[in-house]
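This report concerns only the one structure given below.
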């Protein structure tokens, strides 16, 4: 197995034993990038010069046994909606072309402070709106397991980079499933933290009350390591939550005996692919074998989650994206004309069709005469959905569902059918509505495509869902399957 | 037909916090364009607002001073509209849950003006337009994110005079609270007015217009008076008043239509998801209430009761907290309330007016004025000498003692010596004496002036007055005796 196919914790152990140095890992990752990037298109921009320079410095620290943190010398990719000072940040949108922020997102800064090597910026659906990374204004990203499939989205670039060994770990963002769904489609582990756990400062906003930054990694242990690095209160984000720093690896080795897991009926009904259902149920059986008690439960409001999500997130987006007018930064249209024409032209040319669709939907939902029927009603239902989860968590420690109701779909298949595309998020969206933590772990393959299981936790119970995921991964090998290199075909393991 | 005006005001006051409402940038007025900006107030992608707690505190102070209820739970909302002076394309303001509601402010007549609400919000930037033919505009974002409170009254004002009085009272209170500079000319106090007319004595309201661009108290009174005139003319002619926003044109002293009701924007207000609701502990509000300074009306009453100042004096002196504080500080050094009040209203305000200073710029040491008043009362120097000395105190900051010493100013009250001076002056000016005795009392002034000249202005004018009267009486008596003798002689 190549170094680039190892997990973060495996590499970290090799660093501690001084068997491997950061620049060797980086070289391996860069070799893989050279091999596969052209066909996958995971990155929008590579920053290898800076990564090599950082690796050299990290080499010295590793040699001296003076690592800055567990991430020291680890090559990491970041989604293109996370600001990094001096690096063009575009959210895969034409309208932000040329925008170079003078500040760094808090989460990215924390990686840098720990000595992580930032490889570059990964592709995404424009402004994180989409479930296939096909809405990137720059290029689509391909699924490494089969280039005919989409990698999921919107953090498709980050998920592909990790799955293909083009990065050891990555940061994504999740507004309605944008970490978990591509993680599922690409066979990696991805976690959306509780709303408020990770600072949003420097994350270009899509829907502020849903957005969270989270890790995409090769397994749950890596997820715990990366989450420990980026979580925590930030005075720059009013919605970030006060609290002590937590080591999310500390509960990983605890057994599942005594844990109660709930299966919500509504997530296993119509629209769920039979093969996905079979694989999820097998995974659930595995969890039961590990000592967890499995109970069925009902989340009756699930069917309202998608409309609630699309109304509120689009309303917020319509306001968040209003600032892109070409006057102060980003792409500007040529020519002088009156203000309204200038705005119209800049925004018409700068935004892609999906972004425009959501801006229109959100503007409508907030308009006089419609606000009560749409935005306000959706907020009321949001409250009910939160309560329903609260209620459910009185009886169970975690909720287990499929991450996506279907296998990765083919490129182009849902581009002309926005509603079919929105349905990709049906299992993940309720979690963002309620601000809960959830992760997706690989739990099998169907037709050669990875399938992800979603584990949803109580607010701030990241340690608990990571523990479940880790215990599951200790007895399964789906997460060890790699689309390239020696791990290829790992889907047959177990 | 007689009409009554129905007037409501919307007042914006810039808060005097050192930092902006959602970032750490300075709020100082007059800095170079765009030098007081950062990624947050520029609304760059990915940045987030963090509420400056001082802004909440200041708004609560205003609310308490204006007898409002302070909301235990309030929130910040986004007001969405596109304009180049608004870098996020939304203004963070408060929509349906303002920090303060249901207050009031009494006018001098005893009439109470209800305050509907007070909320906090951020200011926008400033556009500077080029000459027409150059076709460009510049934008300065220094003001972007400067905290504002918006105070909205109920339509309780009935005349332009009431509106101006209300605004003056409000300004006085905000300045006493120390939460705003309230400089209309710098834009730190802005006022829009809603006005409609209705037939006298009827309850139903007419169509209102909103007046903008009112940049002074005078402009407020004039704009409202103009609008009353304009609307009543329309109504008399049987025409309808159009609901619209109108702009006060200072140069031409008239209002012009700015935009009609149909053009009003849908701001699509919704709660700002980047900010958490403001939840106030009653203990915190109580703490602020306890820290409020004495307010203008209370201070005025107290000055009248405690120092027996006339209402006029008390009103003028409490016009500014600085002035009132100065007054009381003078009294601490020398207790002579009416004299202190006279000197402040007369000499001090005159000198400040000449120097173009406002009470906030006042640097005179109150001990100096107290000292001066004592010296005058003790007869050490005369009132007119005192005025000269005070002017020097005002300009140089030196103490009266220093000035009196350096210039050798003193008042001569030594009667014996002054009597010889007066006698000499009378002797030297027989013509004037003759005029005086002949009934031209004005000649006494000339003679006084001569005494002052001889004594280099140091003679005590009170003493001179008395001595001159006595000496002239003597001369008169002597003259009469002489005349009597002459008559007797003639008779003989």
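Number of residues in the range A:367-400 that are in contact (Cβ under 8 Å) with a residue 12 or more places away in the chain, outside any helix (DSSP H, G or I) and in contact with a helix residue (DSSP H, G or I) (Cβ under 8 Å, 6 or more places away or on another chain) equals 4.
In the range B:18-42, which residues are touching a residue at least 60 places away in the same chain (Cβ under 8 Å) and either facing another protein chain (nearest Cβ under 10 Å) or buried (at least 19 other Cβ atoms within 10 Å of the Cβ) (or both)? Passing the criteria: B:20, B:21, B:22, B:23, B:25, B:27, B:36, B:37, B:40, B:41, B:42. Across the range A:70-106, the number of residues qualifying as away from chain B (no Cβ under 11 Å), surrounded by 24 or more Cβ atoms within 10 Å (Cβ to Cβ) and either over 23 Å from residue A:196 (Cβ atoms) or touching a strand residue (DSSP E or B) at 6+ places or on another chain (Cβ under 7 Å) (or both) comes to 9. Taken over the range B:43-65, residues that are within 14 Å of chain A (Cβ to nearest Cβ) and either free of Cβ contacts under 8 Å to residues at least 12 places away in the same chain or on the phi < 0 side of the Ramachandran plot (or both) amount to 12. A single member of B:367, B:398, B:355 is farther than 17 Å from residue B:331 by Cβ and surrounded by 13 or more Cβ atoms within 10 Å (Cβ to Cβ), and it is B:398. Screening the range B:66-87 for residues that are within 28 Å of residue B:171 (Cα to Cα) and part of a strand (DSSP E or B) and picking the one that is farthest from the other protein chains (Cβ to nearest Cβ) gives B:69.
Listed by position, the helices (runs of 4 or more DSSP H) enclosed by the range B:223-331 that each have at least 1 residues that are more than 20 Å from the chain's Cα centre (by Cα) and away from chain A (no Cβ under 14 Å) are B:282-291, B:296-307.
Here the range A:298-321 is the region considered, the condition is being surrounded by 18 or more Cβ atoms within 10 Å (Cβ to Cβ) and not in a helix (DSSP H, G or I), and the residue that is farthest from the other protein chains (Cβ to nearest Cβ) is A:299. Residues of the range A:433-449 include at least one that is out of contact with any helix residue (DSSP H, G or I) (no Cβ under 7 Å at 6 or more places or on another chain), within 14 Å of chain B (Cβ to nearest Cβ) and crowded, with 20+ Cβ neighbours inside 10 Å. Mind listing just one residue for me: the one in the range A:328-345 that is within 11 Å of chain B (Cβ to nearest Cβ) and surrounded by 18 or more Cβ atoms within 10 Å (Cβ to Cβ) and, of those, nearest to the chain's Cα centre (by Cα)? Applying the filter and picking the extreme gives A:330.
Could you tell me whether the range B:432-448 includes any residue that is under 30 Å from residue B:370 (Cβ atoms), touching a helix residue (DSSP H, G or I) at 6+ places or on another chain (Cβ under 8 Å) and either assigned by TED's automatic domain parsing to the domain that holds residue B:470 or surrounded by 17 or more Cβ atoms within 10 Å (Cβ to Cβ) (or both)? Looking through the range B:432-448, at least one residue is under 30 Å from residue B:370 (Cβ atoms), touching a helix residue (DSSP H, G or I) at 6+ places or on another chain (Cβ under 8 Å) and either assigned by TED's automatic domain parsing to the domain that holds residue B:470 or surrounded by 17 or more Cβ atoms within 10 Å (Cβ to Cβ) (or both). Is it true that residue A:202 is at pLDDT 95 or above, more than 14 Å from the chain's Cα centre (by Cα), crowded, with 24+ Cβ neighbours inside 10 Å and within 14 Å of chain B (Cβ to nearest Cβ)? Yes: the conditions hold for residue A:202. Out of all the residues in the range A:120-140, is one or more within 14 Å of another protein chain (Cβ to nearest Cβ), modelled with pLDDT of 95 or more and surrounded by fewer than 24 Cβ atoms within 10 Å (Cβ to Cβ)? For the range A:120-140, residues within 14 Å of another protein chain (Cβ to nearest Cβ), modelled with pLDDT of 95 or more and surrounded by fewer than 24 Cβ atoms within 10 Å (Cβ to Cβ): absent.
Taking the listed residues A:283, A:305, A:322, A:292, the one that is under 25 Å from residue A:371 (Cβ atoms), at pLDDT 95 or above and in contact with a strand residue (DSSP E or B) (Cβ under 9 Å, 6 or more places away or on another chain) is A:322, with no other qualifying. Among the helices (runs of 4 or more DSSP H) confined to the range B:406-492, the ones with at least 1 residues that are in contact (Cβ under 8 Å) with a residue 60 or more places away in the chain and within 29 Å of residue B:377 (Cβ to Cβ) are located at B:461-491.
The values are calculated or read from the model by the stated rules, or taken from the named source; none is laboratory data. The shown structure was predicted, so the numbers you read here are calculated from the model rather than taken from an experiment. All Cβ positions, even for glycine, are placed from backbone atoms using ideal geometry, and neighbour counts span all protein chains on display.
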